[in-house]
Amino acid sequence: MSKEKKFFSKLLSGLSKTRYTVTSRVEELLKLSGSINDELYDELEEILITSDLGVKSTTEIIDKLKSKVKEEKINNPSEVKDVLKGIICDILEESENKPYVKFPMIILVVGVNGVGKTTTIGKLASKFKNEGKKVLLAAGDTFRAAAIDQLSIWGNDIGVDVIKQHEGSDPAAVIYDAMQAAKSRKVDVLICDTAGRLHNKKNLMDELKKINRIIEREYPDSFKETLLVLDAATGQNAVNQAREFKEACDITGIVLTKLDGTAKGGIVVAIKEELGMPIKYIGVGEGIDDLQEFDPSSFVEALFGDVK
Amino acid sequence: MAFESLTNKLQETFKKLKGKGKLNEKDVKSAMREVKLALLEADVNYKVVKEFVSKVSERAIGSEVMESLTPGQQVIKIVNEELVSLMGNDESGINFSKTPPTKILLVGLQGAGKTTMAGKLGQYLSKQGKKPLLAACDVYRPAAIKQLQVVASQLKLPSFTMGDKNDPVDIARASVSYAVKNNNDVVIIDTAGRLQIDQDMMNEIVNIKDAVEPEEILLVVDSMTGQDAVNVAEAFNEKLDITGVILTKLDGDSRGGAALSVRSVTGKPIKFAGVGEKLTDIEVFHPDRMASRILGMGDVLSLIEKAQETIDEKKALELSKKMIKQEFTFDDFLDQMNQVKKMGSLNDLMAMIPGIDKSMLKDVKIDDKEIAHIEAIIKSMTKEERKNPLLLKNGSRKKRIALGSGTKIQEVNKVIKQFEEGQKMMKQFSGMMKKPGKGKLKLPFSWK
């Protein structure tokens, strides 16, 4: 199976019964009603809300849809959905989404607890290694029990080194060491793990700021990427997460994980709109190759359950 | 922020809904629109919101507006009551088996916080005199077993592991026999995170359930979960008939609407909450507190509560009668102030009133200390003076009052002036209030 096919089939298998019923109701409406009516708009609104786009974004998008339908004199209800998809795609595509890569590169991976940072790092490391790059990992989560072991197991499986200290040590020191090692070993990609932290804990966010400062100071000639990992199942709180993490360490992109479940991750649309933060990768499983570059149009198709 | 604009919108709604006796359909509809938005913003599932709103609207229409509340506040009061009753009124703990060990199975999606919660729950139960054993059945995630071992040793609790090469069903079964042998009266079984649509993994967890017959099957849910919470909860409950829910990461700033979604689709109680990074950060879940967090109208709710508690309905009625007859005296002034005082800090209170713009309050600094002075001054007046403020035109009376209250004549003058302003306001009010006691906040304390 080609990589693309595999991604689609993963997304397809992730579509819930609920999703099917919701979309088929829309299809029905599209077929039955000869005109574009409020009921159709309500159904579309429901799809967006239940995909976690949030009230504000949903309202704005539906308003935009209505005026576009009017402007372009669209009479055929079956075209409405495509217009809607186009609007969301435009939001997501607005700026350059493709991962822009230059080496040597340092990737700092941050996020709240349990979103899949360490797993994402394993997948990223494997991806770069397969591309023939020399990869090094830094075990910057010195807080959670056995987080260092978890990263070490990934490192071992993939065949990349892990710079680590003991649990409870200063994460900034671990990352400092890793940068020195990366420089002397001429590593192409250094990926730094960090402990999960809730964005409303000031001391933990300050710790992250410190780590960020050290990276900028000690490794200024590297290409720096700071990835915020978001769980696709997260609701409106993800906007707060994105805002606070952006403030602490200047996020350059989002990794949206666990898209192989029934959650649609629609909150990234709101985040893109509000904070202009691009989505770079999506996680679609627990396997080492279950990381994909983000593609707005397949994401939007999946949002509506229209995976072909 | 979204939340602030929501509060503002609500206040707009409140402004429109003033001074009516019974809640009519229009009142309820417009207030419910805001409630619906509030719940959706809090991540309560769309369908759950729809059902809830229509049910509550039915109850609200035609209900009497309480003496001390505006119709908008009355709607919120009803909404909150229904939310609390939906969340469950009581706290609920662990059901222990009569024949130990009690088996507690923790299940949920990846990253919900099961392993950490296994430790926290173990800590909580050992503090209650139990001897819990932590069993590591997550053989998939790298170092998950090690994580549970580390957590257990930090808490000085025993753990049971068989490595990651064994079937989780066998590990679970063996952990129970191990507990029996070692006199552990509780076994907390940590399992791998799994998607509810992963058939193989869901079958595995059913097999674990069948093998150990746990007294408690607790679904661990991240409190930041969005709309998908219903799908997850429905599927786990259908497969496993869970006995309860644990909400994690509640120390974040999410409104936690997932709690309501999960509760509403499963009907199972939320038993515990994870509230911090430390292994002692676990709390018995309080449904009523969660209701107001989800609704996000804590300020309005506490005003309603305070108003209900402290405003003496009879006195309010008497006062409004006096207001109409325009017989407002210093005694009433004092009385009114005492009632207001009971409600707590005035500035806080003012800020809580829907419809009051916070920027307006900048000029109306009400000093609680000042209130004490006013009280002293009024108490230093004779009965006659209090009834007939005109007597206070006399300078020597003022001097006596200042001496008696330990204040200065200027302050006495100020109080008299404030009183007169209050009287003026009363007159205006009485014009407005043809029918006394219909849903107005009868506290004219806006002195400058």
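The values are calculated or read from the model by the stated rules, or taken from the named source; none is laboratory data. Please read these numbers as outputs of a predicted model, since none were measured by experiment. Neighbour counts run over all protein chains shown; Cβ positions are idealised from the backbone, glycine included.
Summary table below
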quantity: Enumeration of residues in region A:173-189 that are closer than 18 Å to A:ALA147 by Cβ and either crowded, with 18+ Cβ neighbours inside 10 Å or polar (S, T, N, Q) (or both); calculated: A:VAL174, A:ILE175, A:ALA178
quantity: Check on A:ASN75, buried (at least 17 other Cβ atoms within 10 Å of the Cβ), outside any helix (DSSP H, G or I) and at pLDDT below 90; calculated: no
quantity: Check on B:ILE145, in a loop (DSSP other than H, G, I, E, B), crowded, with 18+ Cβ neighbours inside 10 Å and either away from every other protein chain (no Cβ under 12 Å) or among the aliphatic types (A, V, I, L, M) (or both); calculated: no
quantity: Test: residue in region B:251-263 that is in a loop (DSSP other than H, G, I, E, B), polar (S, T, N, Q), in contact (Cβ under 8 Å) with a residue 60 or more places away in the chain and out of contact with any Leu (no Cβ under 8 Å at 6 or more places or on another chain); calculated: yes
quantity: Cβ pairs under 8 Å, 6+ apart, first in region B:402-426 and on the phi > 0 side of the Ramachandran plot, second hydrophobic (A, V, I, L, M, F, W, C); calculated: B:GLY406/B:ALA376
quantity: Selection within region A:29-70 - among the polar types (S, T, N, Q), surrounded by fewer than 20 Cβ atoms within 10 Å (Cβ to Cβ) and at pLDDT 85 or above; calculated: A:THR59, A:SER67
quantity: Candidate set from region A:248-269 (those that are within 13 Å of another protein chain (Cβ to nearest Cβ) and surrounded by fewer than 24 Cβ atoms within 10 Å (Cβ to Cβ)); member that is nearest to A:GLU46 (Cα to Cα); calculated: A:THR262
quantity: Only listed residue being within 14 Å of another protein chain (Cβ to nearest Cβ), among the polar types (S, T, N, Q) and at negative phi, chosen from B:SER223, B:SER292; calculated: B:SER223
quantity: Unmet requirement for A:MET205, which otherwise passes all of (1) away from chain B (no Cβ under 14 Å); (2) not in a loop (DSSP other than H, G, I, E, B); calculated: (1)
quantity: Which numbered condition A:VAL115 misses (of (1) within 13 Å of chain B (Cβ to nearest Cβ); (2) of a type outside the set (Phe, Trp, Tyr); (3) crowded, with 23+ Cβ neighbours inside 10 Å; (4) within 16 Å of A:ILE163 (Cβ to Cβ)); calculated: (4)
quantity: Looking only at region B:367-426, and only at residues there that are assigned to a helix (DSSP H, G or I) and of a type in the set (S, T, N, Q), the one that is surrounded by the fewest Cβ atoms within 10 Å (Cβ to Cβ); calculated: B:SER396
quantity: Residue, farthest from B:LEU219 (Cα to Cα), within region B:164-198, restricted to residues that are touching a residue at least 12 places away in the same chain (Cβ under 8 Å) and within 13 Å of chain A (Cβ to nearest Cβ); calculated: B:ASP164
quantity: Filtered residue count, region B:57-105, keeping only those that are farther than 23 Å from B:MET297 by Cβ and without any contact (Cβ under 8 Å) to a residue 12 or more places away in the chain; calculated: 2
quantity: Pair list, Cβ < 6 Å and 6+ apart or interchain, from region A:141-153 residues that are over 15 Å from B:GLY113 (Cβ atoms) and in the same structural domain as A:GLU286 (by TED's automatic domain parsing) to residues that are surrounded by fewer than 22 Cβ atoms within 10 Å (Cβ to Cβ) and hydroxyl-bearing (Ser, Thr, Tyr); calculated: A:THR142/A:SER169
quantity: Test: B:VAL180 is assigned by TED's automatic domain parsing to the domain that holds B:LEU133, in contact with a Pro (Cβ under 7 Å, 6 or more places away or on another chain) and of a type in the set (A, V, I, L, M); calculated: yes
quantity: Residue match in region A:281-290 (condition: under 19 Å from A:GLY54 (Cα atoms), of a type in the set (D, E, K, R) and either within 14 Å of chain B (Cβ to nearest Cβ) or touching a residue at least 12 places away in the same chain (Cβ under 8 Å) (or both)); calculated: no
quantity: Candidate set: region B:67-123, residues that are within 14 Å of chain A (Cβ to nearest Cβ) and β-branched (Val, Ile, Thr); chosen: the one surrounded by the most Cβ atoms within 10 Å (Cβ to Cβ); calculated: B:THR115
quantity: Residue in region A:214-231 that is among the small types (Gly, Ala, Ser) and in contact with a Lys or Arg (Cβ under 7 Å, 6 or more places away or on another chain) present; calculated: no
